[in-house]
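Asker: Dumping the structure here so I can ask a few things about it.
Read-outs throughout are calculated quantities, based only on the coordinates presented, and are distinct from any laboratory measurement. Small disclaimer: the values here were computed from a predicted structure and weren't measured. All Cβ positions, glycine included, derive from the backbone under ideal geometry; neighbour counts span all protein chains shown.
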Amino acid sequence: MAHRSGAKKRERLYPIAGIDPALAEVRHRVNELNKALGYAAIDAARAYLDGERSKEQTIAWLQEFTFATRNEAEQRLRFYETYRSYIVNYRLGEDLVGQYIDRVAGADPDARWKALAALLASPPVVSDLAKGTALDPAR
């Protein structure tokens, strides 16, 4: 990993967690690819909750497009049934917060932590958080 926090994880946290530090790069890449699939989970939830796909169709769709096992797909479906559209918060919310932090704090680690702390102390309306980002509906 090229960035400092990645090196810290690899050198300090991975051994504590019993993870081979040599796998850090692969693990990071797999996590990044999995993040990209997060929007597929949102689409699956939307289609299922809107009645466009049945339970079985949604399970099959999740298996095909998110590489979930059948058990994982069934768990996700139960989550959708219980928490409805809350799934959006995980993927889209992470992107909104990340783009907001990038916009207001740049690359400076201290400024980024301060921006996150300010965000947590006084959560904005989502549309305000999205202003000026690639996710701004007004663009």
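Asker: Counting other C-beta atoms within 10 Å, which of 113, 61 has the fewest, and how do the rest follow?
Answerer: Going from sparsest to densest Cβ surroundings: 113, 61.
Asker: Counting other Cβ atoms within 10 Å, which GluC sites (Glu not before Pro) in segment 1-107 have at most 12 and lie in a DSSP loop?
Answerer: Those that pass, being in a loop and sparsely packed, are 52.
Asker: In nm, to one decimal, how far is the residue 28 label point from the residue 121 one, both placed 7 Å along Cα→Cβ?
Answerer: With each label point 7 Å from Cα toward Cβ, the separation is 3.1 nm.
Asker: For the chain, modelled as a Gaussian network with Cα springs under 10 Å, which listed residue fluctuates most, 47, 117, 68?
Answerer: 117
Asker: Hey, another quick one. Which order results if 43, 108 are arranged by neighbouring Cβ count within 10 Å, fewest first? Working shown, then result.
Answerer: Working: 43 16, 108 10.
Starting with the residue having the fewest Cβ neighbours, the order is 108, 43.
Asker: Let me ask you something else. Scan the chain and note any complete DSSP helix (H) whose C-alpha atoms cover at least 20 Å along its axis and whose Kyte-Doolittle average is -1.0 or more.
Answerer: What comes out of the filter, once short or polar helices are dropped, is 87-105.
Asker: For the chain, what is the charge dipole size about the Cα centre, in debye to the nearest 20, if Lys and Arg each add +1 at the Cβ and Asp and Glu each add -1 at the Cβ?
Answerer: 340
Asker: Order by neighbour count: 16, 59, fewest other Cβ atoms within 10 Å first, most last.
Answerer: Going from least to most buried by this count: 16, 59.
Asker: Tally Lys and Arg at +1 and Asp and Glu at -1 over the other residues with C-beta under 9 Å from the C-beta of residue 38: what net charge comes out?
Answerer: For residues surrounding residue 38, the net value is 0.
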